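*Asks:* Questions regarding the structure given below will be posed in turn.
The values are calculated or read from the model by the stated rules, or taken from the named source; none is laboratory data. Note that the structure is predicted; figures quoted are calculated from it, not measured. Neighbour counts are summed over all protein chains in view; Cβ atoms, including those assigned to glycine, are modelled from backbone coordinates with ideal geometry. Surface areas here come from the heavy atoms of the whole protein model, side chains and all, with no ligands, DNA or RNA. Shrake-Rupley method; radii C 1.70, N 1.55, O 1.52, S 1.80 Å.
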Amino acid sequence: MTNDQLTTRPPDHPTTRLSNYVTKTLYLLARLAFVGYFMIYCLYACSLFQFPYDYDQGEGFELNDSILLSQGQWPYRDNEVYPFYASNYPPLFHLMVIPLFALFGPTLLAGRVLAFALSLILAALVGWVVHAQTRDRPIALLSGLMVLASNFIYHVGPLFRQHLPMVLFELLAVIAISKYDDARHGKRNIVLSMLALLAAGYTKQLAVTTVAAVLIFLFLRSPKKSIIAGVGLAVVAGTIFLWLNIVTQGQWFLNAITANANAYDVHQALDLFRQFFSLHFVIAAFAIGYSVYELYWSRLSVFTIWFTLALVASALAGKWGAGESYFSTAIVAACVLSGLAMAKIKKKFAHSSTPLRSAQNAYLAPMVLAAIPLLYLLQAYGVRHLPTDGPIFGALADLIGVGRNASVYEGYPYYDAIGYTQVGHFPTEADAAAGDRIVDTIKLTHKPALTEEALLALRADQPVVTNPTQLLNLWNNRAFDPTDLIAMIDRQAFGLVVFRAQFYPPPVLQAIGARYEPLTEITMNGFPYRLLVPRRDFGAGCDEARFYGSIAKLKSLLPAGVSVRIADRDSRPTNWAGPQGVSELEFVAGSRGVIDRVWIGPLTWIGTPPAGGNGATRLGQNQCFQFFDLLTDADGVWPKARAAIIETLGIMP
């Protein structure tokens, strides 16, 4: 669109020249604002490239997944066996990182560079889509840059995480399916869309929303093609899913599906929606408005269906462990739709053949055309985030009313319209030095460390032991037995424990508290990292750690085909009278079911045995607990079960 088309008046009219000048100036200012955000985004990425430790908790586990895959090992493993580690994400992004190990080594830099590069491609694609459909370069440019200007995208874009790679595959799928009816390449485009959806789904599970959007769109246009494409996608995706589950002996389903069924907090979801709309008020409003326009006055496009479902699915951000990144798809879709809406309005008021070029609209059109870049400027102000120190950013912070050295995260000169946020600031050399001190402490122990962040272990040349949030998720879903992990804690097998958020399951935290004591606290990236070392004196140790240590000893006795599980932590021996507070264990032998029951109670527990001996038998006690059992069908599987238990646990009458 030429500059002369920006108004409804003749090009030589004085008012036309003035309105053109104002509009062009506003577009220039809008471009400068969004280019400024792009520069901040690049500087933020560069600062992360130089920081060798976890910036966002979880990056190191992503790296560990890539390392395991590069070694021919699956990251979907048994969490109940040392090193008690497994991943809860699909493997594609981790596989994509591996070739970059040749350039950057097995470090966070490899994944961060890839994620950053893919985020730039994502933004460029948004601009390309808007331009391809509108031929409006200024709005296409602003639409693409808006992706990277979003606070939510900015925070996670350069991290070793799969959020934006997933969205990139989603956008590719939407673009391809939008051309399903191409005379020459329609079938090819449908196939490409399904492949992109497959890639998105095996990058992150959230892509299921886009799968639904694409298939719904295709069904509305061509039901037969939608059914065929959907069945084909389901067969391929299902085959891969089953194959992964078979080769990992069921650990893929447990870790990728079960471990992601987390508790939901509606208040968390509402807070994130409030942030989303308060930050992205312009693009969200125009995206919603354009969706309504297509619904009532045009034809629903795949971009509208995509945006609508993505916005609804953003409610999943209320899950424990979720966050603002769950809005990434909705943000990208909003950037596309708002760009299409802006360009349509611009064309409506600028095109020479429109009826709006009547005399009564002679003043309205220039105001509307000038309002478009002004709205982008308002949007730029709405998402303001920037460093606030130095001669350039300090002056800019003063100019926009933020204030030089203003901070939303103590210790870092960084402002964000969100308010308090733990991401977005630039890590410092002091942060890296703090991480080095923790690593040096781990090395001095000459033992594995139990750390909540993988990079601390990896840089100390130690195995990554546990993924705390994964264990907690499985524990909350009753799918994790911490016996062997706590038994190692009971033996003080770890030279150092490093806490950041204490996301371990409750019994693990209790065991750590019983066997380890504080050494020091080191602050890195604004977080206090608490270092704990083995306690020299913990008394008799009759606590949670010893309880699980006892179970671990019992597990070592079991013959093939027999397993033990905790049935109840607040029970009493069968047919005994007395208070609850005794833990019940079940020994299970396949189809034969429970063959023995053992109760472990504190020495202070007092109960009355059943009359006639019809119930559990008291075996005796050791220095910490008293024990009871009830043999039901052990003779054919474990004939000397009682004697073995008594001997192993040191039970005396």
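*Asks:* Please tell me the relative contact order of the chain in percent, rounded to the nearest whole number, where contacts are Cα pairs under 8 Å and at least six residues apart. Please report the intermediate quantities before stating the final value.
*Replies:* Details: 1102 pairs, mean separation 83.5, N = 653.
Across the chain, relative contact order equals 13 percent.
*Asks:* Could you tell me, in Å, what Rg and Dmax come out for the Cα atoms of the range 274-316?
*Replies:* Radius of gyration, then largest Cα-Cα span, for the range 274-316: 10.9, 31 Å.
*Asks:* With +1 on the Cβ of every Lys and Arg and -1 on the Cβ of every Asp and Glu, and nothing else charged, how large is the dipole of the chain about its Cα centre, in debye rounded to the nearest 20?
*Replies:* Values: 49 positive and 45 negative charges, 467 e Å.
In total the dipole reaches around 2240 debye.
*Asks:* Could you please state, rounded to a whole Å, how far the C-alpha centre of the range 131-160 is from the C-alpha centre of the range 414-463?
*Replies:* Using only Cα atoms, the two centres lie 31 Å from each other.
*Asks:* Express the accessible area of the chain per residue in Å², computed with a 1.4 Å probe while the remaining protein chains stay in the model.
*Replies:* Numbers: 27830 Å² over 653 residues.
For the chain, the solvent-accessible area averages 43 Å² per residue.
*Asks:* Right, another one. Enter the Cα centre distance for the pair the range 260-330 and the range 545-618, rounded to the nearest angstrom.
*Replies:* Rounded to whole Å, the Cα centres lie 50 Å apart.
*Asks:* Using the per-residue mean of other Cβ atoms lying within 10 Å as a proxy for protection, in what order, highest first, do the peptides 493-499, 605-611, 85-91 fall?
*Replies:* Details: 493-499: 21.9, 605-611: 14.0, 85-91: 23.9.
Taking the mean over residues of other Cβ atoms within 10 Å, the ranking is 85-91, 493-499, 605-611.
*Asks:* Can you pull the percent of the chain's accessible area that's carbon plus sulfur, 1.4 Å probe, other chains left in place?
*Replies:* Values: 16930 of 27830 Å².
That share works out to 61 percent.
*Asks:* Here's a follow-up. Once label points are set 7 Å from the Cα along Cα→Cβ at both Leu444 and Ala644, what is their separation, rounded to one decimal in nm?
*Replies:* Output for this residue pair reads 4.4 nm.
*Asks:* Computed FRET efficiency, Cβ-Cβ of Asp78 and Leu32, R0 56 Å: what is it to the nearest 0.05?
*Replies:* Numbers: r = 55 Å, r/R0 = 0.98.
Efficiency at R0 = 56 Å is approximately 0.55.
*Asks:* What percentages make up the Cα-Cα pair-distance distribution of the range 537-653 when the bins are 10 Å wide from 0?
*Replies:* Calculated over all Cα pairs of the range 537-653, the distribution is 13, 48, 33, 6, 0 percent.
*Asks:* Using C-alpha positions alone, give me the convex hull volume of the range 171-297 per residue in cubic angstrom. Before the final figure, lay out each step's value.
*Replies:* Numbers: hull volume 17.8 nm³, N = 127.
So the per-residue hull volume is 140 Å³.
*Asks:* With a Förster radius of 25 Å, plug the Cβ-Cβ distance of Tyr296 and Arg221 into 1/(1 + (r/R0)^6) and report the FRET value to the nearest 0.05. Don't jump to the answer; show the numbers that get you there.
*Replies:* Working: r = 18 Å, r/R0 = 0.74.
Efficiency at R0 = 25 Å is approximately 0.85.
*Asks:* Separate question: Once the Cα atoms of the range 80-235 are picked out, what are the Rg and Dmax in Å?
*Replies:* 17.5, 58
*Asks:* I've got another one for you. For the range 38-108, count all C-alpha to C-alpha pairs, find those more than 15 Å apart, and express that count as a whole percent of the total. Can you show the working numbers first?
*Replies:* Working: 1477 of 2485 pairs.
When every Cα pair of the range 38-108 is considered, 59 percent fall beyond 15 Å.
*Asks:* Report the Cα-based extents of the range 212-265 along its three principal axes, largest first, to the nearest Å.
*Replies:* Extents along the principal axes, in whole Å: 39, 35, 9.
*Asks:* Right, something else. Grab the eigenvalues of the alpha-carbon gyration tensor for the chain, scale each by 5, take roots, and send me the semi-axes largest first in whole angstrom.
*Replies:* On the way: eigenvalues 671, 169, 84 Å².
The three semi-axes for the chain are 58, 29, 21 Å.
*Asks:* Here's something else I'd like to know. Compute the label zone of Asp181 within the range 266-306: residues whose backbone N is under 17 Å from the point 7 Å along Cα-to-Cβ.
*Replies:* What the label zone holds, given the 17 Å backbone N cut-off, is 294-305.
*Asks:* Right, next: Could you check the simple spin-label distance between Leu364 and Met652, using points 7 Å along Cα→Cβ, in nm with one decimal?
*Replies:* Taking the two extended label points, one gets 9.7 nm.
*Asks:* Now for a separate question. Between Arg137 and Glu517, what is the label-point separation in nm under the 7 Å Cα-to-beta-carbon projection?
*Replies:* 7.2
*Asks:* If R₀ is 30 angstrom, what is the calculated FRET efficiency for the pair Asn575 and Asp265, using the beta carbon separation as r and rounding to 0.05? Write out the running numbers ahead of the final one.
*Replies:* Values: r = 43 Å, r/R0 = 1.42.
In this case the efficiency is close to 0.10.
*Asks:* Continuing with the same structure: Can you pull out the cysteines in the chain that have no other Cys Cβ under 4.7 Å?
*Replies:* Cys42, Cys46, Cys335
*Asks:* Rounded to whole Å, give me the distance from the Cα center of the range 29-49 to that of the range 488-512.
*Replies:* 41
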